[in-house]
Amino acid sequence: MMQVNYLNLNHGFTYVEFNYIHKVDWTYKASNYEFSYNVFESHINEYENYALEFAILKINDKATLKNILNIIKNDANVKEIIETTPLNTGYPKRLSIVLKVKLDNSTRLKAHRLGGIEVKDIIINGVENWGFALPSLSEIDKLKQYLAMGGEVKEVRIRRINAGELIHMISYSKLTPFLSKGELKVLKVAYELGFFSEPRRATLSKVADALGLSTTTVNYEVRKGIYKLLTLILRGSYQDY
């Protein structure tokens with residue numbers, strides 16, 4: 001049996017992020033299309049050989065949506081599309097999607113068995129971008145060797161992080177898929193300038209000037225973004241976005 005070197009909160013973590021061309025997965029088959037698939041929650045059931053993926057799928061047009069869903073549905077690694085729920089009208093469209101996938105070629109299962117914590121799984125136009133906190137460089141090497149059997153690992157980035165950074169990164173990856181690019185950008189700049197500080201260090205006008213936007217637009221993006229985040233935190237809901 002493989003010995004797992006588990007993460008140690010006191011010693012920090014080795015964080016690895018990489019792009020993966022996963023040639024035995026549905027993502028590779030969809031590489032000719034423009035889309036993003038952002039997993040904000042996942043659960044592994046080794047006993048029954050499946051994982052649940054809760055994700056946000058973003059596509060630009062109806063034809064692409066139809067083709068992507070057909071690719072997912074007919075892929076041998078996907079057991080079932082459990083649910084798809086549109087989060088907005090028109091296009092570009094954002095859907096919440098729940099997949100039940102097999103573990104036979106699972107990147108997250110291998111990382112889990114090596115004692116790792118999944119930080120992010122984002123797929124852009126068929127290229128998987130993963131982030132894991134692992135105990136040491138040794139586990140990263142083992143993960144890379146395993147992944148090489150099913151595809152190509154590219155642009156590997158490794159650094160040490162502490163417990164606080166890990167918590168922040170996981171929270172960020174779980175919440176940001178629900179925000180639009182505009183909301184995320186405005187909230188980030190407003191936060192960095194001190195708009196949410198107590199006492200407040202920046203006015204709405206200052207944030208608007210920094211972004212080159214009107215105060216009306218900034219106010220709208222801030223209020224909408226905060227509403228979404230509060231809804232997620234307080235009600236655990238991501239409907240009607």
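The values are calculated or read from the model by the stated rules, or taken from the named source; none is laboratory data. Because the structure is predicted, anything quoted here is derived from the model rather than measured. Heads up, the Cβs are rebuilt from the backbone with ideal geometry, glycines too, and the neighbour counts pull from every protein chain shown. To get the accessible areas, we keep the full protein, side chains included, count just its heavy atoms, and leave off ligands, DNA and RNA. Shrake-Rupley method; radii C 1.70, N 1.55, O 1.52, S 1.80 Å.
Quick notes on this one:
- Test: residue in the stretch 121-133 that is open to solvent by less than 10 Å² (accessible area, probe 1.4 Å) and on the phi > 0 side of the Ramachandran plot: yes
- Extreme residue, nearest to the chain's Cα centre (by Cα), among residues of the stretch 200-213 that are open to solvent by less than 70 Å² (accessible area, probe 1.4 Å) and more than 13 Å from LEU187 (Cα to Cα): GLY212
- Test result for ASN60, without any contact (Cβ under 8 Å) to a residue 60 or more places away in the chain and either open to solvent by 60 Å² or more (accessible area, probe 1.4 Å) or among the basic types (Lys, Arg) (or both): yes
- Residues located in the stretch 165-199, provided they are over 18 Å from TYR220 (Cβ atoms) and open to solvent by 50 Å² or more (accessible area, probe 1.4 Å): GLU165, ILE167, HIS168, SER171, TYR172, LYS174, LEU175, GLU192, GLU198, PRO199
- Filter result (among the aliphatic types (A, V, I, L, M) and either part of a helix (DSSP H, G or I) or surrounded by fewer than 17 Cβ atoms within 10 Å (Cβ to Cβ) (or both)) within the stretch 134-164: LEU137, ILE140, LEU143, LEU147, ALA148, MET149, VAL156, ILE158, ILE161, ALA163
- Scanning the stretch 32-46 for residues that are in contact with a strand residue (DSSP E or B) (Cβ under 7 Å, 6 or more places away or on another chain), at pLDDT 95 or above and of a type in the set (Ser, Thr, Tyr) gives SER36, TYR37.
- Failed condition for ARG94, given (1) outside any strand (DSSP E or B); (2) open to solvent by 20 Å² or more (accessible area, probe 1.4 Å); (3) touching a residue at least 40 places away in the same chain (Cβ under 8 Å): (1)
- Per the listing SER138, SER96, the residue uniquely farther than 18 Å from LEU57 by Cα, out of contact with any Lys or Arg (no Cβ under 9 Å at 6 or more places or on another chain) and not aliphatic (A, V, I, L, M) is SER138.
- Qualifying residue in the stretch 17-24 (condition: touching a strand residue (DSSP E or B) at 6+ places or on another chain (Cβ under 6 Å), in a helix (DSSP H, G or I) and either surrounded by fewer than 15 Cβ atoms within 10 Å (Cβ to Cβ) or of a type outside the set (S, T, N, Q) (or both)): no
- Restricting attention to the stretch 107-120 and to residues that are open to solvent by 30 Å² or more (accessible area, probe 1.4 Å) and not aliphatic (A, V, I, L, M), the residue that is nearest to ILE56 (Cα to Cα) turns out to be LYS120.
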